[in-house]
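The values are calculated or read from the model by the stated rules, or taken from the named source; none is laboratory data. This one's a predicted model, so the numbers in the text were calculated from it and none came from an experiment. Don't worry about glycine lacking a Cβ; one is built from the backbone with ideal geometry, like all the others, and counts go over all protein chains shown. Note: areas computed on protein heavy atoms with side chains; ligands, DNA, RNA excluded. Shrake-Rupley method; radii C 1.70, N 1.55, O 1.52, S 1.80 Å.
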Amino acid sequence: ISIRDEIEKRIMEGQKFVVIHADIDNFKAYNDKYGLVSGDRAIQLTAELFREAIAQSGNPHDFLGHEGGDDFVLITTPDKVDALTEGFFRRFSEKILTLYSDEDKQRGYIIAKNRQGVICKFPPMSISLAGVTNVHRELRSYTEITNIMPEVKEKAKSMEGNIFILDKRKS
């Protein structure tokens, strides 16, 4: 509700903004191998790194929300989005590895079951960021943004590593 309210408020005020949906890649495999407490640590670390990135490169009124699980929503302004995401990626890449055993770090992957129950190799967690902005087209509602977001998220999730895809399509 607070995420929707924040987006609707910015629309009503006529602000230019970027809504970023964040989803941790390979989180399920990590959580399955290391357990729920370690999975919670990964989520807390991600939130902490987002807060740091906002403090260092964002605006005082940027918004960070937790949708649940390994999904976050960040709202910033178009002029801050590149510095904010780049700073976040730098810190995430180094800090996320601290959650892995030395053996898994040296090997460069963990072994866990995928969603179909097949044992696979999973690289360390990375994060996919999907952005929707009203810079190139008018966005009139939270619903409109949530209808666009899955397509952008799918594109981001299809790429490996830390990635930020910003939808720049016009109306």
At 1.4 Å probe size, what's the solvent-accessible area of Ile111? Round to the nearest 10 Å². 90
Approximate spin-label separation Ile111-Ala47, in nm, with each point projected 7 Å along Cα-to-Cβ: 3.4
Listed by chain and number, the lysines with an alpha carbon less than 20 angstrom from that of Lys168, same-chain partners under 8 positions apart left out, are Lys16, Lys80, Lys153, Lys155, Lys157
Where Lys and Arg each count +1 and Asp and Glu each count -1, what net charge lies around Glu6 among other residues with Cβ under 14 Å from its Cβ? -2
If I take R0 = 25 Å and measure r between the Cβ atoms of Lys9 and Ala55 in this structure, what FRET efficiency does the formula 1/(1 + (r/R0)^6) give, to the nearest 0.05? 0.70
Rounded to the nearest 0.05, what FRET efficiency do Asn147 and Leu36 give with R0 = 45 Å and r taken as the Cβ-Cβ distance? Could you check? 0.90
Suppose accessible area is computed on protein heavy atoms with a 1.4 Å probe; arrange Lys121, Lys80, Lys105, Lys16 from highest to lowest. Lys121, Lys16, Lys105, Lys80
Taking Cα atoms only, Rg over Rh for region 34-103 with Rh from the Kirkwood formula is 1.01
Modelled label-to-label distance, Met159 and Ala83, 7 Å Cα→beta-carbon offset: nm? 2.2
Sites Lys168 and Leu97, calculated FRET efficiency, Cβ-Cβ separation with R0 25 Å, nearest 0.05: 0.20
With n ≥ 4 as the cut-off for DSSP H runs, can you work out [θ] at 222 nm for the chain, using -39500 (n - 2.57) per run divided by the number of residues, rounded to the nearest 500? -14500 deg cm²/dmol
Quick one: angle between helix 142-157 and the longest Cα principal axis of the chain, in degrees between 0 and 90, rounded to 10, please. 40
